[in-house]
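Bear in mind these aren't lab numbers, they're just calculated from the coordinates by the rules spelled out. What you see is a predicted model; the values in this text were computed from it and never measured. Cβ sites come from the backbone with ideal geometry, for glycine too, and all protein chains shown count toward neighbours.
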Amino acid sequence: MTTDRSPETTGASPTAAARASGVVDLDLPGPTISRHLYGHFAEHLGRCIYDGFFVGEDSDVPNEGGIRLDVVEALRAAGIPNLRWPGGCFADEYHWRDGVGPREERPRMVNSHWGDVVEDNSFGTHEFMALCELLGAEPYVSANVGSGTVHENADWVEYLTRADDSPMAALRRANGRDEPWSVRFWGLGNEPWGCGGGMRAEAYADLARTFGTYSRDHGGNELYRIAAGAAEADYRWTEVLMKALGHEIGGTRRTGHGTGTYQAVSFHYYTVPGPWEHKGSATDFDEDEYFRTMVEAQRLEGILSGHAAVMDAYDPQRRVGLVLDEWGAWYDVEPGTNPGFLFQQNSLRDALLAGLHFDAFHRHAERLVMANIAQTVNVLQSMVLTDGEAMVLTPTYHAFTMNRGHHDAARLPLAWRTAEPVRSVGGTDLTTLTATASTKDGAVLVSLTNLETSGGVDVELDLRGGAVGAPEATVLTAASTSAHNTVEQPDAVAPAAHEASVDGSVLRVHVPAHSFVTVRLPLAG
Ligand code: AHR
C-alpha cells in the first residue's frame with residue numbers, strides 16, 4: 001500500500017529503541033510543495049514591527065532605512081517566501097493612508113487590540129514594501145474589511161500597483177516611489193467572525209465578494225485575493241465561502257488572476273496546550289504538557305482534511321486555494337512582559353511542532369497553497385528574537401532552514417512498512433514519528449521528526465525507482481525538549497551534522513529522541 005501515513009499502531013513502549021522501515025518512490029513525483037507553505041507573518045503587535053523588523057534610521061542597530069539588517073539576513077538565509085502584514089487583528093483597524101507620506105506628519109492611532117499602545121505609523125506601506133524587497137519575499141497585504149471601506153481598499157491596491165498618472169499612482173510618486181510595486185497576495189480582512197468585525201459567515205461572504213470585486217488588477221499586476229476564513233475546524237465557514245463563489249469557481253485559476261472575486265480561503269490554527277487563561281509556559285513544562293502540546297499540534301492534520309473535503313465538494317478541480325495564514329504555538333507571555341505583546345520564548349518543543357506541521361502541510365500540498373507562521377519576530381512562535389542590538393535564532397528558525405530544500409519541490413510518496421510508533425496521551429493516540437520526502441534540482445530531501453522523549457528510532461527507507469549518492473544528514477536536538485536559545489547561549493539548540501548511510505537503495509538514519517532530522521541525497525544519473 002502506498003499512502004503517506006499508515007493507520008496502524010504498535011503501542012510500542014516509549015522507552016524501547018524502535019525501528020521503522022518504509023519506502024520512498026523516487027519515480028512517482030507528486031504535487032509541488034509550494035515555497036509559500038513556509039510563509040511568514042508580521043503584525044503591529046508588541047515588538048514584532050518596532051524593535052523587531054524596524055528600529056528607525058537613527059538606531060545603533062545596523063539598518064537600512066530603519067529596517068534591521070540582522071533580521072533581514074537571517075530570514076533571507078531561511079528563504080522567506082512571503083510576508084503577511086499589517087495583521088492579524090490590527091489589519092481591520094489599520095488605515096493605510098495614515099502610514100504614508102512624511103513620517104513626522106503621520107497621524108497617530110491607538111492599537112486597541114495589542115497593549116492599547118499608541119501607534120505612530122512610522123512603519124507603513126513604503127517601509128513594508130522596502131522590507132519585502134530586502135528580504136526577497138512576496139508581500140501579502142491584509143486589507144481592512146472590518147472597519148475600512150471598499151473605496152479605501154480599492155485606493156490601496158491602486159496606490160501600490162498602478163503605473164500611470166491615476167490619482168493614487170500620483171500620490172505614491174509624491175511620496176517618493178515612482179514605479180508601482182508588484183503585489184500578488186491580497187487578504188480580504190482577518191478573522192471576521194471575531195476581532196475583524198464579529199460577522200456571521202454569510203454577511204462576511206457578501207462583503208468579501210464586494211471587496212474582492214473592487215480589488216482591481218491594474219496593468220499587469222494580478223491579485224490573488226484571499227477571503228478571511230475559519231477558526232480552526234469551523235468547516236461551515238469554509239462551506240459558506242465556497243458556496244458564495246458559486247459558478248465563479250470554474251473560472252478561478254489556482255494561482256494568479258482569476259475571474260472569481262476571491263481565489264483562496266484561509267483559516268487559522270494555533271496550538272494551545274492548556275485552557276486560554278493558563279496556556280502554559282514556553283519553557284517551563286513537564287513531559288505531560290509536552291505531549292499534550294503535540295496532541296494539539298497533531299489536530300491540524302484532521303482540520304486540514306476537513307477544510308479540504310468541504311472544498312473538494314464545491315471545487316473538485318482544486319482551483320481555489322486553502323491558506324493557513326496563522327499557525328504556531330501560543331503560550332503564556334514571558335513573566336514580567338506586557339500581556340498584550342504576546343512575547344514568548346521558543347524551545348526545541350516548538351521546532352518539533354514545526355516539523356510535525358511541515359509534514360502535514362506537505363501531505364496536503366494539493367490544496368494548501370500557503371501557510372504563515374505567527375509571528376516571525378518577537379511574538380508567539382517566532383523565528384528570531386531581538387534584545388536591543390542582539391538577535392537570537394530560535395529552534396523554530398532552524399527547522400525552517402533545514403527544510404528549505406522542500407520549497408517548490410515535488411512531494412514523493414513515503415509509505416511505512418512497519419507500523420508507525422504511537423503513544424497514548426490522555427486517551428488520544430499521538431503518532432510519534434512523522435516524515436515526508438520531496439525532490440527538486442537533482443536531489444531528494446527527507447525530513448523526519450521524532451517526538452518521543454526517551455528513545456531514538458532506527459529508520460530504514462528503501463528509495464525505489466532511482467539511484468542516489470552519498471547522504472548528508474543534519475540533526476536538531478538538545479538534552480531536553482525545553483532547551484532554548486538566549487543572548488547568553490545562542491546555540492543551545494542548533495543544527496549539527498549527523499550520520500546517515502546508503503546501502504544499495506536503502507537509506508539508514510538514526511532519529512534520536514526529540515529530534516528533527518533532514519537527509520539530503522543527490523540523485524545519481
Ligand atoms: O497572532 C495574534 C493574533 O491571533 C492575530 O492578530 C489574530 O488574527 C489571531 O487571533
Item checked: Proximal charge balance of G388 [Cβ under 10 Å; K/R count +1, D/E count -1] -> -4
Note to self: Between helix 235-245 and the chain, what is the angle of the helix's C-alpha long axis to the longest principal axis, kept within 0 to 90° and rounded to the nearest 10?
What the structure shows: 50 degrees
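Sort 170-178, 452-460 by packing, meaning the average of other beta carbons within 10 Å per residue, with the highest value first.
On the way: 170-178: 13.9, 452-460: 18.3.
Ranked by mean Cβ neighbours within 10 Å, highest first: 452-460, 170-178.
Give me the compactness ratio for the chain, meaning the Cα radius of gyration over 2.2 N^0.38 Å.
0.95
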Notebook entry, point to check: ³J(HN,Hα) across region 372-377 via Karplus (A = 6.51, B = -1.76, C = 1.60, θ = phi - 60°), whole Hz, x for Gly/Pro?
Noted result: 10, 5, 10, 10, 4, 10
Item checked: Cβ-defined net charge surrounding H484, 13 Å radius [Lys, Arg +1; Asp, Glu -1] -> -4
Item checked: Under-5 Å amide H pairs with H510, H placed in peptide plane, nonlocal only -> V459
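Applying a 10 Å radius around every beta-carbon, put 219-230, 463-474, 102-113, 129-140 in order of their mean neighbour count, most first.
219-230, 129-140, 463-474, 102-113
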Item checked: Where no second cysteine Cβ lies under 4.7 Å, the cysteines concerned in the chain -> C48, C132
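About its Cα centre, what dipole magnitude does the chain give when the only charges are +1 on Lys and Arg Cβ and -1 on Asp and Glu Cβ, stated in debye to the nearest 20?
Working: 40 positive and 71 negative charges, 321 e Å.
Roughly 1540 debye for the chain.
Percent antiparallel among DSSP beta bridges with both residues in region 33-408, to the nearest 5?
Numbers: 10 of 43 bridges.
If we restrict to bridges inside region 33-408, about 25 percent are antiparallel.
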Next item on the list: Sort region 385-525 into rounded, prolate or oblate with this rule: let a ≥ b ≥ c be the square roots of the eigenvalues of the Cα gyration tensor; rounded if a/c is under 1.5, and if a/c is not under 1.5, prolate when a/b is larger than b/c, oblate otherwise.
Entry: oblate
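Sequence gap at least 6, Cα distance under 8 Å: using those rules, report the relative contact order of the chain to the nearest whole percent.
On the way: 1266 pairs, mean separation 109.5, N = 525.
Here the relative contact order equals 21 percent.
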Next item on the list: Take region 112-244, compute every pairwise Cα distance, and split them into 5 Å bins from 0; I just need the percent in each bin.
Entry: 2, 10, 18, 20, 19, 15, 11, 5, 1, 0
Item checked: region 494-503 - phi-based ³J(HN,Hα) in whole Hz, Karplus 6.51/-1.76/1.60, Gly and Pro as x -> 8, x, 9, 5, 9, 7, 7, 9, 10, 10
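Using mean Cβ contacts within 10 Å as the protection proxy, how do 390-403, 53-66 order, highest first? Show your work: numbers first, answer last.
Details: 390-403: 23.9, 53-66: 16.0.
The densest-packed peptide leads the list: 390-403, 53-66.
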Checklist line | region 346-431: relative contact order as a whole-number percent, Cα under 8 Å and 6+ apart | finding: 25 percent
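What is the sum of charges around R200, taking Lys and Arg as +1, Asp and Glu as -1, for the other residues whose C-beta is under 15 Å from the C-beta of R200?
On the way: positive: R209, R236, K243; negative: E191, E202, D206, D234, E239.
Value of the local net charge: -2.
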